[in-house]
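This report refers to the structure that appears directly beneath it.
The values are calculated or read from the model by the stated rules, or taken from the named source; none is laboratory data. This one's a predicted model, so the numbers in the text were calculated from it and none came from an experiment. FYI the Cβ positions are ideal-geometry reconstructions off the backbone, even for glycines, and counts take in every protein chain you see. What goes into the accessible areas is simple: the full protein's heavy atoms, side chains included, and nothing from ligands, DNA or RNA. Shrake-Rupley method; radii C 1.70, N 1.55, O 1.52, S 1.80 Å.
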Amino acid sequence: LTDALGLIHQAYGELLEEGEDVEMPRIGVMIEVPSAVYQAGSLARRVDYLSIGTNDLTQYLLAVDRNNPRVAGLYDSLHPAVIRAMMQVVESARVYDKPVSVCGEMAGDPAAVILLVGMGIKSLSMSVASLPRIKWAVRNLSRERASEILSAVLVMEDVHDIRAYLYEQLEQAGLGGLVRAGK
């Protein structure tokens, strides 16, 4: 990061010296590996924003190759370790008043989005096909309720219990069709 920031500032300075009318770009860091989770505070202090890449972060945290059919069933972004790692990133960024965005399959999962909203994440990047379901979930569940659900999930230890609880919460909110097959 130090080297990249140095090069960006150098290029920016050179453009200014050449008389170009440019603005310094916003700089962010993608959190996709466990080591970046543990350095999130240090990274957030030096950049404008953080973005969590949930596909890779889940794969590396759980040591599961999502493309290997023999172990792919163990890959689940709602695993307690993934949720707690994401909370650590969000809390570290909050110390420096830096926004956190999320990209990857988790951003397009209505059950997971409850947790992301509860964490205070306001920017999600997903496939266009997921947009209507996610917009519907976000518009129909308050941030306060999402925070309550997140608090309950943070003490759970089993990914299957977490997923079942989130589906139950969607059902109770009248949003079960977002996760039920064929609805």
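Does Val29 satisfy being closer than 30 Å to Ser77 by Cα and either in contact with a helix residue (DSSP H, G or I) (Cβ under 8 Å, 6 or more places away or on another chain) or aromatic (Phe, Trp, Tyr) (or both)?
For Val29, the condition - closer than 30 Å to Ser77 by Cα and either in contact with a helix residue (DSSP H, G or I) (Cβ under 8 Å, 6 or more places away or on another chain) or aromatic (Phe, Trp, Tyr) (or both) - is met.
Considering only region 121-150, state which residues are among the hydroxyl-bearing types (Ser, Thr, Tyr) and touching a helix residue (DSSP H, G or I) at 6+ places or on another chain (Cβ under 8 Å).
Ser125, Ser127, Ser130, Ser147
Just for region 159-183: of the residues that are over 20 Å from the mean Cα position of the chain (by Cα) and part of a loop (DSSP other than H, G, I, E, B), which one is modelled with the highest pLDDT?
Ranking the candidates gives Ala173 first.
With region 38-148 as the region, which strands (runs of 3 or more DSSP E) entirely inside it contain at least 3 residues that are open to solvent by 40 Å² or more (accessible area, probe 1.4 Å)?
Fully inside region 38-148 and qualifying: 123-125.
Hey, among Ala146, Ala152, Ala81, which residue is touching a Leu at 6+ places or on another chain (Cβ under 6 Å) and among the small types (Gly, Ala, Ser)?
None of the other options fit; the residue is Ala81.
Could you tell me which of the residues Val33, Val22, Val29 is more than 21 Å from Leu154 (Cβ to Cβ) and touching an Asp or Glu at 6+ places or on another chain (Cβ under 8 Å)?
Matching residue, one of Val33, Val22, Val29: Val33.
Among what's in region 74-100 and is farther than 19 Å from Val29 by Cα and free of Cβ contacts under 8 Å to residues at least 40 places away in the same chain, pick the residue that is nearest to the chain's Cα centre (by Cα).
Ser77
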